[in-house]
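Structure first, then comments.
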Amino acid sequence: MTALPDQFQDWFSRRGWDIHPHQQDMLDRAADPALLLIAPTGGGKTLAGFLPTLVELAAGQHTGIHTLYVSPLKALAADIKRNLRTPVDEMGLAIRIEDRTGDTSATQKKRQRADPPHILLTTPESLALLVSYEDAPRMFAGLQRIIVDEIHALTESKRGDQLMLALGRLQTLAPGLRRVGLSATVEDPDAIAKSLAKHPNPCVILQADPGPDPDINMLVTEEQPPWAGGGAAYAIPAVLEQVRQHKTTLIFHNTRAQAEIFFHNLWLNNTDDLPIGIHHGSLSREQREKVEAAMVRGDLRAIVCTGSLDLGIDWGDVDLVVQIGAPKNVKRLIQRIGRANHRYNAPSKALLVPANRFEVIECIAALQAAKAHDLDGDPKGPGPRDVLCQHILITACAGPFAADDLYAEVTSVGAYANLTRAEFDDCLEFCATGGYALRAYDKWKRLQKTNGLWHLRDPRATRNIRMNIGTIQDTDTLKVRFRGSFKPLGEIEEGFAASLTPGDTFLIGGRIVRYEGLREMTVEVSRNAAKKPKIATFMGTKFATSTQLQARILRMFRQDDWPNLPPHTNEWLHLQRVVSKLPEADRILVESFPHDDRAHTVFYGFAGRNAMQTLGLLLTQRMESLGLNPLGFLATDYATMVWGLDQVTDPAALFAPEDLRDGFETWLKGNAVMKKTFRASATIAGLIERNLPQSRKTGRQATFSSDILYDTLCKYDPDHLMLQITREEALRGLVDFGRIEEMLNRTNGRVDHVVRDRVTPLAAPLLLEVGRIPIAGEGRERLIADETRRLMDASGLNKIEVPPSRPKRRAQGEAALKSRFVWGRNNP
Amino acid sequence: MNACHDFSLSGVAVSALASGALWLPEAQTLCVSDLHLGKSDRIARRSGFLLPPYETRATLDKIDQLLEQLNPRQVICLGDSFDDLSAAESLDETEKLQLTRQQAGRDWVWIEGNHDPGPVELGGRHVNELTLGKLVFRHIAIAGSVGEVSGHYHPKCNVGRGGTRPAFLADQSRIIMPAFGAFTGGLRGTHPTLRSLMAPDAIAVLTGKHALPVPFAATT
């Protein structure tokens, strides 16, 4: 056992603390090349990570940078800086601690490169930028340790891949570098350990005492949850009562839109004027900081929030976490609950509030999973190649490199361990020449090879490459502000803004505002006293229910009775069993019934929202070709409902896997999701410029949509690397075809078709769901044509237009026009 | 639905095609604007971004289709045909050959644009502007002129919730053409410059699959 130096021992004693066992473990294993600590929040995790650093630095021998700390949030870096100062100052240690994020001033950044502090706190993006500088070898030469905080959150995204590639680089610059990961409870610590360690080195996993099991329950209300919807407005009085009974409550929502609506309704019912705030990613930084500061001061009794508070600053006084809507994922639920009662060894308290009847079942399944410590998560695929392309360009910015060396370095990163040399060379070729099959950039290569080393053709390119660093996808958002004011209220998605017409009202930051117009890419609004917004609000991410949770729900359906479900839900399931049947894991249940003069068919696939949506698009496409005239569909986490003019008689045929896959290939190419994915990957890989706010603001003719690039590549270079990457990404992400495959495999053609003369109990909520998707295509064209014709007629411009006398065309042209065009006026 | 929209400018019959080209049936003249050939090459040269180098091919393929359908006597390229003068030199042999084939047997006019203010070493004649009967073809509209066909602004308009599409703008005195080149963006029709150039009763003809006329004032 490594004994704590006296000054540390004294400091612990003065505070009346004992060193936690896992803190001692970290100290004992300080020499390990890689260590992963799994600890609940509030367990002294940060100190455990930094203790070996402080001990080593206390000796006073080290000059230059000793420890890099990387966290997913800028705010966390700033918070840690404050928290670390306490022990350092109280022990009188001469240790310099600084943070470096996007918010750090340019002078400060420059100084940090010339004279780095002992401990530098940063984010993956700022680190990638540091690695791209020519002086990186000098700056990091003495680096001893790197601490990756909240590593579980980072490894879920491309930010983690980028960070680990940067770590590979740092390890080359400082071979003695030791890696430490700090993680919340996760389902697969081994996977995180593998991604952290230098491949194929082992990584010891230390587990802190997880503390007592959380105290989780479903909120029981007098009022029954509604059949459909996600707002949980019925539970407002009960939630307010809970807020009253606790010191501080965090009220988590799955989407920003739901958070806004709930917050609005909460205030309408908040007769005691309890101080309640709202916090989510679409609010302006100023707004969020205000709420955070109020929280730290203890001024707030509750915060309505989303994933934006999943990580971050330790809110010591939170004694209740409320989750509105079924937790779509048990791991996230456990991590959210961990936000309450950060005092070590006190159970966290949480309440689940189902938003509708089906979510009652989901909540019960989640409670059981949480009790059984059955966490969910999908295995992560291999390291994405778009991130690798960016890393190659970053490496080139720092100086010339040999392809063999870089390949060895990249494959020392766990996620890229299985990257083949051919795949690597494709990425290198893409960075150098664009990798196009039909036409090469001979003169204007980005990278050139001289004397066996790759380097930038034009050193000025470093500027563009550095500006493009990062993997966070900028959704196209527009700032919202009151007319005549400069203070931003928050942001809304461009697509949502485009759907607004002056006079529309929507919610932002808990306020109802009226849309006035667009001005220089800013949405101008005015105050509005309406009680109910006309349009709900922007979209935000929708999580799909995890595979594990859905399997649990399907297992629940096998029970004869459900004594642990509330009576209303219990009766509902029994009724479904009488009228039709309950879905089973190894069969697909299909129900058909007429409703409102339309033939309705419901497919219970239990594959999660994204996959069920994809399934809806595929099935309606198949139905269209079979002449069943589908008119639209709707997808939820567990079912897809299609309505149309004709009754489905043979659903099994619709599910023929081969046909479904073929249809998928054609459908995928022209899909909007692909274009969206292409834009994200092309930006990361350095093919196109990051959509900077200042360049978009000008709306110059020079900027054009990346959709055009996608279409051009599909037409002229269908095997291009970027299209391969796009496909991989879309399949993993929004399209989620993997879960459709999983569904096809587990049901293996076993389809039960139940035909009834009216809606079945389980399908009934679907009729009330929002988010109906009309079948697009020529129909949409026709709608626009009708609209333009109507406007022309209404304006009277039709009458002014003097139809030209029809002149003679050259014979050939005339014939061609007649055959190709519907040559006509505006009047049909 | 319409593959083109017929109207007249200064008494001359014109047809705005869904592809974004203008057809003058009487003169058998086809007019295209803002081709921006060689744009990817210029971007690579200037900024290092290596966009798919297929925009020249894609644009020329689109022109091929129109030539086959209409067999025009004359083709007018209304300026900014090349993304810059060096871009014109960057065309590869296949592309140059395709262009030469297109020029064969017809009068091919390059009008100067702000991107390509000088002659290029390719066939066709090179002029600052061209007068054809009552119409004048120039790259940038001049306020107060009549019978003017111009390009330059790449106008695009939105109707309802259909999303923006490249559009012709037309009133009694002028037509502003949409950009025909594959890699071209556009200037929103709501921009003050476009609003002030066009008369209040102007129409916009949206392009794409169909040519859809709509009051310019009603577009967003």
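The values are calculated or read from the model by the stated rules, or taken from the named source; none is laboratory data. Predicted model only: the values in this text are computed from it and were never measured. Note that each Cβ is placed from the backbone with ideal geometry, even for glycine, and that neighbours are counted across all protein chains shown. Ligands, DNA and RNA are stripped out before the accessible areas are found, and what is left, the full protein with its side chains, is counted by its heavy atoms. Shrake-Rupley method; radii C 1.70, N 1.55, O 1.52, S 1.80 Å.
Can you compute the FRET efficiency between A:ASN217 and A:ASP560 using 1/(1 + (r/R0)^6), with r the Cβ-Cβ distance and R0 = 22 Å? Round to the nearest 0.05.
Values: r = 25 Å, r/R0 = 1.12.
Taking R0 as 22 Å, the efficiency between A:ASN217 and A:ASP560 is 0.35.
Which of the trypsin sites (Lys or Arg not before Pro) found in the stretch B:1-98 are in a DSSP loop and have at most 16 neighbouring Cβ atoms, other than their own, within 10 Å? Each step should come with its number before you reach the end.
Numbers: sites: B:LYS39, B:ARG42, B:ARG45, B:ARG46, B:ARG57, B:LYS62, B:ARG73, B:LYS96; in loops: B:ARG73.
Sparse-neighbourhood loop trypsin sites (Lys or Arg not before Pro): B:ARG73.
Compute the acute angle (0 to 90°) between the alpha-carbon long axis of helix B:93-103 and the principal axis of greatest extent of the alpha-carbon atoms of chain B; round to the nearest 10°.
Tilt relative to chain B: about 50 degrees.
Taking beta carbons within 10 Å but only from partner chains, what does the mean come to for residues B:163-171?
1
When a/c is below 1.5 the answer is rounded, else prolate if a/b is larger than b/c, else oblate, so apply that to the stretch B:43-149 with a ≥ b ≥ c taken from the square roots of the Cα gyration tensor eigenvalues. Display every interim value, and only then the final one.
Numbers: a/c = 2.02, a/b = 1.29, b/c = 1.57.
Here the stretch B:43-149 falls in the oblate category.
Where only protein heavy atoms count, and the probe is 1.4 Å, what is the accessible area per residue for the stretch B:17-108 in Å²? Kindly include the intermediate steps, with their values, before the conclusion.
Numbers: 2670 Å² over 92 residues.
With all protein chains present, the stretch B:17-108 gives 29 Å² per residue.
Would you mind working out the magnitude of the charge dipole of the stretch B:76-151 relative to its Cα centre, with +1 at each Lys and Arg C-beta and -1 at each Asp and Glu C-beta, to the nearest 20 Debye? Could the numbers behind the result be given before it?
Working: 6 positive and 13 negative charges, 102 e Å.
For the stretch B:76-151, the charge dipole is close to 480 debye.
Scanning chain A for GluC sites (Glu not before Pro) in DSSP loops with at most 14 other Cβ atoms within 10 Å, what's the longest stretch left with none?
A:521-828
Looking at the square roots a ≥ b ≥ c of the eigenvalues of the Cα gyration tensor of the stretch A:407-480, which shape do they give, rounded for a/c under 1.5, prolate if a/b is larger than b/c, or oblate? Can you show the working numbers first?
On the way: a/c = 1.82, a/b = 1.22, b/c = 1.49.
Judged from the Cα gyration tensor, the stretch A:407-480 comes out oblate (a/c at least 1.5, b/c at or above a/b).
Any chance you could check the stretch B:1-18 for residues losing 40 Å² or more of accessible area when the partner protein chains are in, compared with the chain on its own (1.4 Å probe)?
B:MET1, B:ASN2, B:ALA3, B:CYS4, B:ASP6
Between A:LYS449 and A:THR86, what is the spin-label point distance in nm, taking each point 7 Å from the Cα along the Cα→C-beta axis?
5.6
Do any residues of the stretch B:53-81 show a loss of at least 10 square angstrom of accessible area between the isolated chain and the full protein assembly, using a 1.4 Å probe, and if so which?
SASA drop of 10 Å² or more in the stretch B:53-81: B:PRO53, B:TYR54, B:ARG57, B:ALA58, B:ASP61, B:GLU68, B:GLN69, B:LEU70, B:ASN71, B:ARG73.
How high is the FRET efficiency between A:ARG587 and A:SER625 when r is their beta carbon distance and R₀ equals 41 Å, given to the nearest 0.05? Can you show the working numbers first?
Working: r = 25 Å, r/R0 = 0.62.
Efficiency computed from Cβ-Cβ geometry: 0.95.
Suppose all protein chains stay in the model; what accessible area per residue would a 1.4 Å probe give for the stretch B:123-220, in Å²? Display every interim value, and only then the final one.
Working: 3470 Å² over 98 residues.
Here the residues of the stretch B:123-220 average 35 Å² of exposed surface.
Between A:ASP188 and A:VAL578, what length in nm is gained on full extension when 0.36 nm per residue of separation is reduced by their alpha carbon distance?
In short, 136.3 nm is gained.
Given the C-alpha centroids of the stretch A:1-45 and the stretch B:88-155, what is the distance between them in whole angstrom?
75
Past the 40 angstrom mark, what percentage of all C-alpha to C-alpha distances in chain A do you count?
Values: 151294 of 342378 pairs.
Of all Cα-Cα pairs in chain A, 44 percent lie more than 40 Å apart.
Which value, in debye to the nearest 20, describes the size of the charge dipole of the protein assembly as shown about its Cα centre when Lys and Arg Cβ atoms bear +1, Asp and Glu Cβ atoms bear -1, and nothing else is charged?
Numbers: 123 positive and 124 negative charges, 469 e Å.
Computed charge dipole of the protein assembly as shown: roughly 2260 debye.
Mind checking which of A:SER795, A:GLN245, A:PRO52 is farthest towards the positive end of chain A's charge dipole, using Cβ charges of +1 (Lys, Arg) and -1 (Asp, Glu) about the Cα centre?
A:SER795
Just to be sure I understand: if you take the accessible area of chain A alone plus chain B alone and subtract the pair, with a 1.4 Å probe, what total do you get in Å², rounded to 100?
Looking at A and B, the buried total is near 5800 Å².
What dipole magnitude, in Debye to the nearest 20, does the stretch B:119-220 give about its Cα centre under +1 on Lys/Arg Cβ and -1 on Asp/Glu Cβ?
Values: 10 positive and 5 negative charges, 62 e Å.
Its charge dipole is roughly 300 debye.
Could you tell me which residue out of A:SER284, A:LEU268, A:GLN390 lies farthest along the dipole of the stretch A:262-418 toward its positive end? Charges go on the beta carbon: Lys and Arg +1, Asp and Glu -1, centred on the Cα centre.
A:LEU268
Could you work out the longest stretch of chain A that avoids the chymotrypsin sites (Phe, Trp or Tyr not before Pro) located in DSSP loops with at most 13 other Cβ atoms within 10 Å? Let's see the in-between values first.
Numbers: sites that count: A:TRP17, A:PHE486.
With a cap of 13 other Cβ atoms within 10 Å, the longest stretch comes to A:18-485.
Using a 1.4 Å probe on the protein chains only, how many percent of the accessible area of the stretch A:626-689 belongs to carbon and sulfur?
Values: 1310 of 2410 Å².
Its accessible area is 55 percent carbon and sulfur atoms.
Going 7 Å from the Cα of B:GLU121 in the Cα-to-Cβ direction, what parts of the stretch B:1-41 have a backbone nitrogen less than 12 Å from that spot?
In the stretch B:1-41, the label zone of B:GLU121 (backbone N under 12 Å from the point 7 Å along Cα→Cβ) covers no residue.
Give or take rounding to whole Å, what are the principal axis extents of the alpha carbon atoms in the stretch A:4-100, in descending order?
On the principal axes, the stretch A:4-100 reaches 32, 30, 27 Å in Cα extent.
Positive end of the charge dipole of the stretch A:115-211 (Lys, Arg +1 and Asp, Glu -1 on Cβ, about the Cα centre): tell me which of A:LEU143, A:VAL186, A:PRO117 has its Cα farthest that way.
Ranked along the dipole, the leading option is A:LEU143.
Between A:ASN418 and A:THR501, with labels modelled 7 Å along Cα→Cβ, what's the label distance in nm to one decimal, could you check?
5.3
If you take each beta carbon of peptide A:436-443 and count the beta carbons of other chains within 10 angstrom, what is the mean?
That average works out to 5.
Probe radius 1.4 Å, ligands and nucleic acids ignored: give me the carbon and sulfur share of the accessible area of the stretch B:114-220 as a rounded percent.
Working: 2230 of 4040 Å².
Ligands and nucleic acids excluded, carbon and sulfur reach 55 percent.
Leaving ligands, DNA and RNA out of it, report the carbon-plus-sulfur percent of the accessible area of the stretch A:183-223 at a 1.4 Å probe.
Numbers: 1210 of 2400 Å².
Answer for the stretch A:183-223 is 50 percent, counting heavy atoms of protein chains only.
Once you sort the root eigenvalues of the Cα gyration tensor of the stretch B:121-220 as a ≥ b ≥ c, which label holds: rounded (a/c under 1.5), prolate (a/b larger than b/c) or oblate (the other case)?
Details: a/c = 2.10, a/b = 1.38, b/c = 1.52.
Oblate shape, in that a/c is at least 1.5 and b/c is the bigger or equal ratio.
For chain A, what is the calculated [θ] at 222 nm in deg cm²/dmol (nearest 500), taking -39500 (n - 2.57) for each run of four or more DSSP H residues and dividing by its residue count?
Numbers: 34 runs with 353 residues, N = 828.
Helix-only estimate at 222 nm: -12500 deg cm²/dmol.
Mind listing P(r) for the stretch A:208-288? All alpha-carbon pairs, 10 Å bins, whole percents.
P(r) for the stretch A:208-288, in whole percents per bin: 14, 43, 31, 11, 1.
Please work out the average accessible area per residue across the stretch A:1-103, using the 1.4 Å probe convention, and give it in Å². Spell out each step's value before the answer.
Values: 4340 Å² over 103 residues.
With all protein chains present, the stretch A:1-103 gives 42 Å² per residue.
Can you pick out the pairs among A:LYS81/A:LYS110; A:LYS74/A:LYS371; A:LYS158/B:LYS39; B:LYS39/B:LYS62 whose Cα atoms lie more than 28 Å from each other? Spell out each step's value before the answer.
On the way: A:LYS81/A:LYS110 19 Å; A:LYS74/A:LYS371 34 Å; A:LYS158/B:LYS39 31 Å; B:LYS39/B:LYS62 16 Å.
In this structure, A:LYS74/A:LYS371; A:LYS158/B:LYS39 exceed 28 Å between Cα atoms.
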